[in-house]
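The values are calculated or read from the model by the stated rules, or taken from the named source; none is laboratory data. Quick caveat: nothing in here was measured; it's all calculated off a predicted structure. Methodologically, a virtual Cβ is constructed for each residue, glycine included, from the backbone with ideal geometry; neighbour enumeration extends over all protein chains shown. Side chains are part of the model used for accessible areas, which takes the heavy atoms of the whole protein and leaves out ligands, DNA and RNA. Shrake-Rupley method; radii C 1.70, N 1.55, O 1.52, S 1.80 Å.
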Amino acid sequence: MEAMVTPSRTPFSPFLSSQLKPIPKPNLHLHSPIPSPPPKDAAASSASAFTLQQTKEIHSHIIRTQFRPTNILPAQSSPQAQLNFLITSYIKNNTPSAALKLYAHMRETAASPDNFTVPSVLKACAQLSSLRHGMEIHGFVIKAGFPWDVFVNNSLMQMYSDCGSLVFATKLFDEMPDRDVVSWSTMIRSYAWCKLFDEAIELVREMLLSGIRPSEVAIINMLNLFADVGEFTKGRPVHTYLIKNSARESPSVNVTTALIDMYVKCGSISAARRVFDRMEEKSTASWAAMIAGFIRCRDMGTAMELLIEMRHNHVFPNEITMLSLVIECGSIGNLELGKWLHAYILRNGFRMSVALGTALVDMYCKCRDLRSAREMFDLMDGKDIAVWTAMIAGYAHTNCIKEAFDLFTQMKDANIKPNEITMVNLLSLCSETGALDRGRWIHACIDKQGIEMDVVLTTSLVDMYAKCGDINAAYAVFTQTTDRDVCMWNAMINGLAMNGYGEETINLFMEMEKVGVRPNNVTFIGVLRACSHSGLVEEGKQFFSFMEHDYGLVPKVEHYGCMVDLLGRAGHLDEAHELIRRMPNEPNVIIWGALLAACKVHKNPKLGELAAKELLKIEPHNSGYNILLSNIYAIDRRWSEVAEVRKSMKDTGIKKMPGMTAIEVNGVVHVFVMGDASHPQSKKIQAMLSEMQEKLKRAGHVADTSGVYLNIDEEEKETVLNYHSEKLAMAFGLISTPPRTPIRIVKNLRVLNKPQLLTPEL
DNA sequence: TAATGAAGGT
């Protein structure tokens, strides 16, 4: 690997290189201090599950009082038992890193972890996919000399499997003196998780042979698993087993429901229907699974019919049924059915719980009907953080900056404290729109409000800083945390790649390997992109081959896209074309677009024409591709063909989409299109543009007009260049910021391709 | 048990 990246050194910014500190060594003993206690006493009582806030309060109380009895936990509980309880509570509240910190604290004090602690903290490791922490705990178990315990052993297997180390899990399984049904299920699950279905099925067979009867839970787990991986044929043996066994005892309603769910998720609605029709007794859940199946395959008529039929059979949908159907509907984005369900809910007098209301708001957002979402939202009473967040997420995903931040302000006025999820949504909005100042502000809010920095939130921060161009801030956030999962590495790797740090990207990739985080498809996109932008052709080819042969990751069309880009940028156009012809997947617009872009740069109209025509085959009405084709003709000065394309565009009503550029000044995002005179400060901008042009001319700059493919004379072309949206944004930036302020403009192609997003309905 | 969240190719 080392040898591979050395050959052609790419020039990279010495500035960043000096900034990039080595990744801190993993802190094996987790010495991080326990967070300082909030000044509240633990007043909450009764509930069996505590909220995160309550957990933290109890935590600080226990630490403060040296395990004196509280009014919440049983007074006679040992320190171990109390801490175990807190660890479990942190995990239930989805804050595994807090659980691990608490465990580290136990190790330092007299309250030594016992075999109730270990399975809990292993679960936390699994949630964080932190193999390193998991192994540390395994080491502790061995050193502490616990008596062998099947429960602990199963937890270890589970942890290894969730952290991607099937080898260790298998080793533990093979060496177990005594296996229970959970051990088998865990191992089967692990194999199936790695898509080793044949091995998983073989293990099912072995389990049955060894006389272990799968428990009902084990069968349901298996079915859920096959459902998750969407492998239909592989699930069959479980079905066969059930049928064979049904002579003795018929499967329970829960098992059959899981079976229906599996068939539905594997895309076989007819098999699901057959099982469903044969059921003697159907529960609410069975009906719900069946109806969700018809929603999923967009057969709304049958879905509605079944919902009505269900009531004739005296099985009544409950709030949960409706909840799951609304969620399903949102995930396929079917507005019509969503509205029908909403009406159905109102007509039939279901209790409109906050959860159901939230699901409806979310459904409308996912169907891009923000107006209805907002209506529902405004109607709701007792709004909690989830609804506010769902609504903010709706605005965030449609790039409605103003609405999202306005709502955020209103939420705080209503005394609702934002949580990690709220912040993640706002940050992703900042990333998409390049709003660095707002992003920094959100970062400050997170610190000020003491919001838990979990993996997802940290990843969002890294991503925001990287996409907004502040790579040093991204790196600072990245290095400040020790629990990094593959997504966080990917955010940093792709961030470096995106900002042009080819060599650093590759180094970081190797660092990731070293600490034992397994790269995935997305990781390789970043690495290949880095090679592409830095002209590391040979390295890129090697990584491409590595990913398949050394990591067992089948390159997807995305990776081919990177490779076409890599080869194309380097001018190896024919090789790129050859790769497209050889690829097993159907080339899409990205692939042909990459080839076309390369043909433009390297002036190969012949291949470019081919690519443009392929693009138009896929999307005949895309104005962008029509423009590109006409530009290709223009390179060859084939003006009559240029005119033809333009005429056919005009005839079919295709309009050229305006290029747009955004700039953030004092927290406000200004968007410019080409020749835009609508800005209030337009006059000043024009004056600044003239000044810029004068200065450039005096400095001897000659505009490169070869990229403007209109049949007009050179002087006019220059005018067109001068009114580009980028220049307008740049000029605006110059007049509205103090001298020497860095100016950051954003051209977001994704925004460009979705013009409707910039003109929200509201 | 069932409502809100992260990484990606021109």
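If R0 equals 30 Å, the separation of the Cβ atoms of A:I142 and A:L196 corresponds to a calculated FRET efficiency of about 0.60. Put simply, when A:453-463, A:518-528, A:141-151 are sorted by average Cβ atoms within 10 angstrom per residue, most first, you get A:453-463, A:518-528, A:141-151. Label-to-label distance for A:D299 and A:D447 is 5.7 nm, based on points extended 7 Å past Cα in the beta-carbon direction. Taking a straight line from the alpha carbon of A:K339, these aspartates and glutamates sit under 19 Å away, with near neighbours fewer than eight places off in the same chain left out: A:D299, A:E305, A:E319, A:E328, A:D362, A:D369, A:E375, A:D378, A:E761. Distance between the pseudo-spin-label points of A:D378 and A:V456 (7 Å out from Cα toward the beta carbon): 2.9 nm. The HN-Hα couplings worked out from phi for segment A:117-134 by the Karplus form 6.51 cos²θ - 1.76 cosθ + 1.60 (θ = phi - 60°) are 5, 4, x, 5, 5, 5, 5, 4, 4, 4, 4, 8, 6, 9, 4, 4, 4, x Hz, whole numbers, x standing for Gly and Pro. You can think of it this way: the chain between A:V515 and A:R205 has 108.0 nm of extra reach, that is 0.36 nm per residue less the Cα-Cα gap.
Computed extension gain for A:K171 through A:R371, at 0.36 nm per residue and net of the alpha carbon distance, reaches 66.4 nm. Heavy-atom accessible surface of segment A:478-651, averaged per residue, reaches 44 Å², computed with a 1.4 Å probe. If R0 equals 30 Å, the separation of the Cβ atoms of A:S623 and A:Q686 corresponds to a calculated FRET efficiency of about 0.60. For A:V668, nonlocal amide neighbours, meaning residues 5 or more places apart or on other chains whose placed amide H falls under 5 Å from its own, do not occur. Distance between the pseudo-spin-label points of A:F116 and A:I332 (7 Å out from Cα toward the beta carbon): 4.7 nm.
Sequence neighbours fewer than 8 away in the same chain don't count; with that in mind, list the aspartates and glutamates whose C-alpha is under 14 Å from A:K683. Cross-link targets: A:E691.
For the residue pairs A:K92/A:K412; A:K647/A:K697; A:K467/A:K617; A:K606/A:K650, alpha carbon separations beyond 30 Å are given by A:K647/A:K697; A:K467/A:K617. Averaged per residue, segment A:406-477 has 36 square angstrom of accessible surface, using a 1.4 angstrom probe with ligands and nucleic acids left out. Here's the picture: a label point sits 7 Å out from the Cα of A:E586 along the beta-carbon direction, and within segment A:607-637 the residues with their amide nitrogen under 15 Å of it are A:614-620.
Listed cross-link partners A:K402/A:K448; A:K101/A:K171; A:K265/A:K514 are compared with a 30 Å cut-off, the Cα-Cα value being larger for A:K265/A:K514.
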